[in-house]
Every structure is written in structure tokens, then in C-alpha cells.
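Read the figures in this text as sums done on the coordinates, not as results from a lab. All values reported here derive from a predicted model rather than from experimental measurement. Ideal geometry is used to build each Cβ from the backbone, glycine not excepted, and the neighbour counts take in all protein chains shown.
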Amino acid sequence: MLPFQAHFYDGLTAGRHDVHVALNSDRVHLDISGDTLSPTLHWPLQDLRALKGSADRDGLTLTRVAETDDEAPRDPARLVITDPAAIDWFHQTRPSLFKTDLRSGTFRKIATYAGAAVVAVLMMLFVILPALANSLAKILPIEREIAFGRHVTAQMERFMGASELGGLRCSSPEGDAAIAKMLTRLTENHDMHYDVEIHVFDHPMLNAFAAPGGQVVLLRGLIEEAERAEEVAGVLAHEIAHVENRDATRHALRATGSAGLLTMLIGDFTGAAAIALIGEHMLSASYTREAEGIADEFALEMLANADVDSNGFARFFDELGEHTHGVEIPSYLSTHPATGDRAEKARAFAAQQSDTRPILNETEWQAMRSICDKSD
């Protein structure tokens with residue numbers, strides 16, 4: 001490499017030094033000298049690094065590796081080279097020129113920060129958000145809760161595959177009338193806080209869920225699998241319990257908060273992640289076992305007050321257990337207490353009942369079962 005002229009900045013003052021640069025006789029150092037620079041500097045070739053943004057063939061700014069408090073240890077001094085021959089020489093002979101250097105312990109520090117971030121996110125998801133959701137559920141006005149529940153139900157419909165609002169909703173005059181009759185029988189002897197709205201979605205999953213503000217959704221697969229109307233009535237009473245106890249509101253608020261946090265973390269501005277997470281939360285219905293136990297007790301009391309045989313509730317779980325033998329357990333069962341225990345509890349409760357009567361007649365039951373039949 002021939003000697004060349006360059007500009008040198010010490011990084012401590014604004015002054016520029018016109019310098020002469022040559023390869024030292026040991027051929028492992030650069031000698032940097034100038035009239036305004038004293039003493040002559042000796043930079044090891046192995047320590048030279050090019051600054052980012054200056055690695056083209058028209059100019060090259062060099063610094064060197066040095067111990068500093070920065071994550072990338074660099075000497076503040078800069079050597080600015082514009083000589084084409086010198087720039088080519090550095091490109092051809094110094095493969096480490098564009099190497100990224102990190103201080104010792106940087107990866108450990110990054111791992112520590114990453115671990116702390118993960119712990120913080122987990123605390124938000126499983127401690128702070130649930131507590132906040134519980135507090136908000138208690139103070140949220142019912143009018144706001146109803147509007148929120150309708151929004152959640154619409155999001156759920158989209159999550160389950162509807163291309164437009166109402167695309168999955170099933171309705172027929174006879175089927176709607178049968179559902180209304182079932183709801184009236186169940187609620188007429190209860191002091192209800194909500195006007196319950198029941199929707200049937202045309203989806204094969206064996207499931208049902210409650211949304212805030214009195215919204216309850218039954219899926220077609222659940223109705224078709226049931227043999228008697230009393231089985232659906234038991235599930236409906238259970239979901240009404242979640243609405244009345246505001247479990248659905250707490251759950252949806254938590255899901256919405258989790259979705260918002262996830263959106264911030266992954267940069268999803270389309271809302272797809274939010275919809276997916278809210279949908280997963282609502283379908284899994286993973287309330288606490290205590291909340292599930294309270295909802296079961298509420299449902300059994302509602303069935304008793306309506307003179308509905310709770311054996312249907314027990315039989316519902318028995319039939320689902322047989323249906324899922326050897327296959328994946330539906331969401332409705334997987335996150336709830338053991339179905340066998342719940343069935344036995346409902347059966348024991350039924351043994352104490354008397355003077356029960358069908359909640360629907362056969363014609364009404366068949367109308368409810370065929371509510372999603374597109375041939376009607």
C-alpha cells in the first residue's frame with residue numbers, strides 16, 4: 001500500500017488534522033502523522049473498523065476497537081480516507097474491517113433484559129390484566145357492557161369464519177320461537193340483571209359461550225348432538241349464570257387486554273391477532289374452577305325453578321364423553337372441571353326433583369334442531 005493523505009479527527013475536539021498515513025515497517029500497524037498531530041499514532045491493522053454508512057468506494061471512515069462504556073467498543077477518533085487506491089487496499093486486505101464488535105458480557109446483558117421482558121409480559125397477562133379486568137367488570141355500566149358484548153359476539157362470528165356480520169347466524173320463525181320459549185321457562189322465576197339474547201351460529205363445534213351484557217351463543221354442533229331439549233337447557237342455564245355473575249365480562253376484558261398487549265408486541269395493526277386471541281379466549285371459556293362450580297349450581301337451581309329435569313344436564317355430559325372417546329376433546333370440555341363429576345352432581349340433584357315437565361314439546365325441539373337448515 002502506498003502512503004496516502006487523509007483527514008484525522010481525535011473525537012475530543014472539533015479540529016481536523018491533515019495527516020500522512022503509511023504502513024509501518026512491521027506491516028501490522030498504520031503510522032498516522034501530521035504537522036498538527038503529535039505524537040505519531042500507531043493503529044494496529046487488526047483493530048481497524050469501518051464506520052457504517054461509510055463503506056463505499058468513494059470514501060472510508062476508519063476507527064479502531066477500544067475499551068469504552070458503549071455496547072460497541074470504539075475509539076472516538078476517526079480517520080477519513082478519500083484516496084481510491086488506499087480504499088481498495090483496505091477492502092481487499094482487511095476482511096475484519098466490517099466486523100461487529102460487542103463488549104464482553106453484552107449477550108449476557110441482552111439475555112437478562114429479554115428474560116425480564118418475558119417475566120413482565122407474563123405478569124401483565126396472568127396477574128395484572130386479570131386483576132384489572134375484575135375491577136373494570138365491577139364498575140362497567142350495564143349499558144356499556146351490553147354494547148361491548150355485542151361487539152365481542154360480532155368479533156367471534158368473524159373469528160369463526162363469517163365473511164360478513166350475520167353470516168353464521170341461524171334463524172327460522174319456529175326455531176326462534178322454540179328458543180324464546182326455552183329462555184322464558186328458565187328465567188321467569190329469576191330476578192335477572194340482563195335481557196338475555198340468544199344466537200345460534202352455524203358451526204359444527206360442540207360448544208356454547210357467553211359474551212358480556214347478556215349475549216349467549218349456541219353452536220349448531222352442540223344442538224345437533226343433544227338428544228333432548230333439556231340437555232341444551234342445562235348448557236344454556238350454565239351460560240346464563242356466567243352472564244349474570246359477570247364472568248363473561250371479566251373474561252372478555254382480560255382477552256381484549258391480552259390481545260392489545262400482543263398487538264403491541266408483534267406490531268399487528270390489522271387486528272387479526274386481537275380477533276384470534278379474543279376468539280380463543282371465548283371459545284375455551286377457561287374460567288376458574290370456582291366460577292364453573294358456581295355456574296353449575298346456578299344452572300341446577302334455574303332448572304329446578306323451571307321444573308326442568310336436570311338429568312338432561314347430566315346426560316349431556318355423558319353423551320359428550322362417549323362422543324369424544326378416542327378423539328380430541330372439544331373446547332367446551334377441555335377447560336372445564338371433570339365432566340364425570342359434573343354429571344354425577346347433576347344426576348344427584350335430579351334425584352331430589354319432582355313434578356318436572358318437558359321444556360319443549362317434540363315439534364318445538366325439532367324446530368330448534370333444524371334452525372340452521374338452509375332448506376327451510
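By per-residue mean of other Cβ atoms within 10 Å, what is the highest-first order of 168-175, 292-299?
Ranked by mean Cβ neighbours within 10 Å, highest first: 292-299, 168-175.
Could you rank the peptides 85-91, 12-18, 342-348 by their average count of other C-beta atoms within 10 Å per residue, with the highest value first?
Packing proxy ranking, top to bottom: 342-348, 85-91, 12-18.
For a protection proxy built on the mean count of beta-carbon atoms within 10 angstrom, sort 243-254, 145-156 highest first, please.
243-254, 145-156
Calculate, in whole percent, how much of the Cα-Cα pair population of region 138-204 lies beyond 17 Å.
Taking all Cα-Cα pairs of region 138-204, the fraction more than 17 Å apart is 56 percent.
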